[in-house]
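Here is the structure we will look at.
The values are calculated or read from the model by the stated rules, or taken from the named source; none is laboratory data. Everything numeric here is computed off the predicted structure, so don't read it as measured data. For neighbour counting, all protein chains shown are included, and Cβ atoms are generated from backbone atoms with ideal geometry for every residue, glycine included. What goes into the accessible areas is simple: the full protein's heavy atoms, side chains included, and nothing from ligands, DNA or RNA. Shrake-Rupley method; radii C 1.70, N 1.55, O 1.52, S 1.80 Å.
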Amino acid sequence: MTQETDKAARLMITLAVMSATLIQVLDTTIVNVALPHMQGELGATTDQISWVLTSYLVTAAIFMPLTGYFSDILGRKRYLLVCIAGFVGASALCGIAGNVVQIVLYRMLQGMFGAALVPLSQAIMSDAYPPEERGKAMALWGLGVMVGPVLGPTLGGWLTEVASWRWTFYINVPVGALSFFLASQFVPETQRKARKMDWPGLALLAAGVAGSQYALDRGNLQDWLAATDIRVSALLGVVGLAGFAWYSLRAKERALFDIRIFTDRNFATACLVIALLGLGMFGTIVVQPILLERLLNYPILTTGMIMAPRGIATAISMLIVGRLVGRTDARLLVGAGMAISAVGSHFMTHYSLDVDAFWIIWPAMLQGLGMGLIFVPLSTIAYATLPRARMAEAAGLYSLVRTMGSAIGISIVTTLLSRQGQVLWNELGGRLTRFNPAVRHYLQGLHLAPDSPKAAALMAEQMARQAEMLAMIDVFQLITWSFVAMLPLVFLLKKKQAGGGPIPVAAE
């Protein structure tokens with residue numbers, strides 16, 4: 001096979017796995033903006049429709065760490081094709097769902113088949129490219145993983161507005177069909193291995209992951225430990241994960257996966273960083289639509305256009321860093337990305353209700369630029385010191401940690417935003433009295449008496465907006481400090497030699 005043929009085959013493999021990755025990652029956020037439309041058409045309550053998100057996240061989290069197991073018993077290519085076909089079929093079923101029970105069940109199927117698409121694509125891309133080009137491969141793979149969640153709400157809003165919420169699912173069918181065809185033709189098969197299912201380990205892992213994901217996803221809606229189901233699910237999550245770790249260490253070769261993979265310093269540190277990155281990666285995505293739509297009254301499509309440059313900046317930085325990661329110390333790139341993201345997040349703490357679109361866009365672009373610098377080299381060096389045979393298993397675990405970190409980050413952001421908003425509302429309310437000269441001066445400019453009902457309604461509205469704005473600033477401050485706090489972890493990563501290959505352990 002010539003070098004040109006190798007390049008052409010790699011291009012087809014890249015297109016196949018990137019399209020599969022994109023539909024899975026997009027689906028985590030594209031549905032969010034369509035929930036109110038689903039709720040009205042399917043006759044569901046707010047709590048019922050939220051299960052459209054929860055069911056997908058919980059099921060995907062359970063099946064994600066099983067990637068290595070199914071890749072061994074089916075072969076990586078065969079398992080990829082099964083996952084693509086299952087995900088596309090489940091997407092079509094979601095589009096024709098007639099009630100909330102059906103769509104929740106079909107979303108569970110989506111989560112079950114879609115869970116492995118990201119780790120499988122990462123493992124396939126890593127194997128398809130030689131070590132010196134692996135940074136470029138991770139940059140291409142990272143485009144879908146990082147840019148997808150940013151573009152998801154924009155695409156979802158546009159599809160819902162011009163067609164129907166059902167098209168947020170139907171859009172997966174043609175893209176998935178293309179991915180299936182390309183994967184069937186160009187993705188190489190791996191050798192199958194005989195493995196037995198570790199049922200006790202699977203039960204413990206499923207209980208731990210499902211309990212944790214349920215508590216994180218619904219905790220803020222139900223005031224956390226004040227709700228019985230959150231207490232039960234949190235306890236189930238802690239006991240399940242701790243029990244799985246204890247059981248796996250005793251079972252060793254019979255375990256669902258070898259938990260000792262976390263003794264590799266690069267992999268363990270990269271997992272910790274990617275988990276902590278969930279706060280900065282998804283915190284801004286959660287907060288900015290609230291700022292733009294609820295406080296600044298931008299329409300949904302304008303909101304998407306304002307948020308899109310962050311994803312574009314991430315894509316550009318990924319393409320650039322993909323060429324640098326084989327020639328530059330990856331730790332410097334990760335550290336620079338953290339610093340740049342911290343600076344961008346810091347400028348967000350200066351937002352106000354008078355901020356214009358330009359001052360929203362460029363700090364977000366700066367943060368997105370830093371994210372791209374972090375993600376690619378981190379994904380590359382996470383596997384640098386691992387044997388190739390453990391790549392699929394490691395990719396599944398890495399994706400699970402990233403998913404759980406994102407869930408934790410989103411939970412922290414939504415809880416802080418909600419509770420700080422209440423605290424600040426009470427603090428501001430204590431100062432808004434008819435005897436306050438500033439209040440009287442403000443109302444005089446509007447020709448309103450301090451004791452008029454219209455004045456009271458106006459002041460209550462303004463107080464709520466200002467309280468929520470101040471709470472957002474607190475969230476951005478937390479995100480800023482999270483990037484700063486991650487900087488020391490860079491020094492725990494092992495240095496890589498130029499060319500992208502792992503170095504011997506003794507080289508440090």
- Message: Just the residues that are touching a helix residue (DSSP H, G or I) at 6+ places or on another chain (Cβ under 6 Å) and outside any helix (DSSP H, G or I), please, taken from the stretch 242-272.
- Response: A255, L256, F257
- Item | Residue pairs meeting the criteria (Cβ under 7 Å; at least 6 apart or on separate chains; first without any contact (Cβ under 8 Å) to a residue 60 or more places away in the chain and of a type outside the set (V, I, T), in the stretch 311-324; second assigned to a helix (DSSP H, G or I) and open to solvent by 10 Å² or more (accessible area, probe 1.4 Å)) | A313/M365; A313/L369; S317/L369; S317/L373
- Filter result (touching a residue at least 40 places away in the same chain (Cβ under 8 Å), in a helix (DSSP H, G or I) and closer than 15 Å to S55 by Cα) within the stretch 209-231: V209, A210, S212, Q213, Y214, L216, D217, R218
- Assess whether R419 counts as being part of a helix (DSSP H, G or I), out of contact with any Leu (no Cβ under 8 Å at 6 or more places or on another chain), among the basic types (K, R) and modelled with pLDDT of 85 or more. yes
- Item | Residue list for the stretch 331-365, filter: open to solvent by less than 30 Å² (accessible area, probe 1.4 Å) and in contact with a Gly (Cβ under 8 Å, 6 or more places away or on another chain) | G337, M338, S341, A342, G344, S345, P363, A364
- Could you list, in sequence order, all residues of the stretch 88-112 that are of a type outside the set (S, T, Y) and open to solvent by less than 20 Å² (accessible area, probe 1.4 Å)? A90, C94, G95, A97, I103, R107, Q110, G111
- Note on the structure: Within the stretch 64-87, residues being surrounded by fewer than 21 Cβ atoms within 10 Å (Cβ to Cβ) and more than 16 Å from I124 (Cβ to Cβ) number 3
- Query: Does at least one position in the stretch 319-329 carry a residue that is crowded, with 21+ Cβ neighbours inside 10 Å and not in a loop (DSSP other than H, G, I, E, B)?
  - Reply: yes
- Query: Is it the case that some residue within the stretch 289-307 is within 24 Å of Y383 (Cβ to Cβ) and free of Cβ contacts under 8 Å to residues at least 24 places away in the same chain?
  - Reply: no
- Run down M64, M12 and say which single residue is assigned to a helix (DSSP H, G or I), within 24 Å of the chain's Cα centre (by Cα), modelled with pLDDT of 75 or more and farther than 22 Å from A97 by Cβ. M64
- Could you look through the stretch 140-169, keep only residues that are open to solvent by 60 Å² or more (accessible area, probe 1.4 Å) and in contact (Cβ under 8 Å) with a residue 40 or more places away in the chain, and pick out the one that is nearest to T21 (Cα to Cα)? L151
- Taking the stretch 366-391 only, how many residues are in contact with a Leu (Cβ under 7 Å, 6 or more places away or on another chain) and open to solvent by less than 10 Å² (accessible area, probe 1.4 Å)? 3
